1. Filter segment 27-62 for residues that are part of a strand (DSSP E or B) and either surrounded by fewer than 14 Cβ atoms within 10 Å (Cβ to Cβ) or modelled with pLDDT under 95 (or both) and give the result.
2. Quick check, is residue 161 outside the structural domain of residue 103 (by the TED database), in contact (Cβ under 8 Å) with a residue 60 or more places away in the chain and either in contact with a helix residue (DSSP H, G or I) (Cβ under 6 Å, 6 or more places away or on another chain) or loosely packed, with under 15 Cβ neighbours inside 10 Å (or both)?
3. Can residue 142 be described as modelled with pLDDT under 95, surrounded by 13 or more Cβ atoms within 10 Å (Cβ to Cβ) and over 30 Å from residue 11 (Cα atoms)?
4. Taking the stated definitions as given, is residue 187 within 23 Å of residue 112 (Cα to Cα), in contact with a helix residue (DSSP H, G or I) (Cβ under 8 Å, 6 or more places away or on another chain) and exposed (fewer than 12 other Cβ atoms within 10 Å of the Cβ)?
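The values are calculated or read from the model by the stated rules, or taken from the named source; none is laboratory data. Quantities reported herein were computed from a predicted structural model and do not represent experimental measurements. Don't worry about glycine lacking a Cβ; one is built from the backbone with ideal geometry, like all the others, and counts go over all protein chains shown.
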C-alpha cells in the first residue's frame, strides 16, 4: 500500500506542476508533510522518480537552465492512466484502520473531473455506511466476549468512521454545488505572494519554452 501512495503522490505532483524538476517535486511534497503521514522518505523521492520514468509513467527531459543541468519531468499518457486508477482506488476503498491512502487520494482530487469525483466519493459514502454498520454490529457482539479496553478501541474506530461519514456528506454537497474547483474549472484559490509556488510557475513557463510546448 505504501508503494501505491508514493507512486500516486509523485505522479500527482508532476501532473499538477509539469514540467517540473525533481527538487521542486521534493519541496512541494515536503510542504504537504508527506514524510509525517505518508511515510515517504525525502531521499527516496529521486529514486522513485527514476523508477516511474523507467516504467514509462514519467518522461524525463535533461535541460540546461541558466548554465546548469536540470532534470525536468512530465507525466505520460500511461502515467496519467495509472494516476487515475490509483486515485480512484484510494477514494473508493474504505480501510477502517488506516486512512493514509484516502488522504493521499483526496489531496489530488482536483485533478479529476467533477462527475468522476462525485462518482468516487458517492461510492465511498456507501462503503462507509456499510462499514459503520458492520463494525457497530461487531462491537455489540465482542462486548460480550472481549476485554473492555478492546471494545473501547473498536468504539474509537467507529466514532472516527461516523465522523468521516458526516464530513463526506458535506464535501459531496460542496462538490455538487460547485463550491470546489476540479479539472476544467477556473482556479478558485491562489497561494500567498511569498509562496514558492510562484517561482515554480515561472520555472514551468520557462521549461515549456525550452521544450517548445
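1. First, pick out the residues of segment 27-62 that are part of a strand (DSSP E or B): 58-62.
Scanning segment 27-62 gives a single hit, 62.
2. Values: outside the structural domain of residue 103 (by the TED database): yes; in contact (Cβ under 8 Å) with a residue 60 or more places away in the chain: yes; either in contact with a helix residue (DSSP H, G or I) (Cβ under 6 Å, 6 or more places away or on another chain) or loosely packed, with under 15 Cβ neighbours inside 10 Å (or both): yes.
It is true that residue 161 is outside the structural domain of residue 103 (by the TED database), in contact (Cβ under 8 Å) with a residue 60 or more places away in the chain and either in contact with a helix residue (DSSP H, G or I) (Cβ under 6 Å, 6 or more places away or on another chain) or loosely packed, with under 15 Cβ neighbours inside 10 Å (or both).
3. When the stated conditions are applied, residue 142 passes them.
4. Details: within 23 Å of residue 112 (Cα to Cα): yes; in contact with a helix residue (DSSP H, G or I) (Cβ under 8 Å, 6 or more places away or on another chain): no; exposed (fewer than 12 other Cβ atoms within 10 Å of the Cβ): yes.
Answer is no for this residue.
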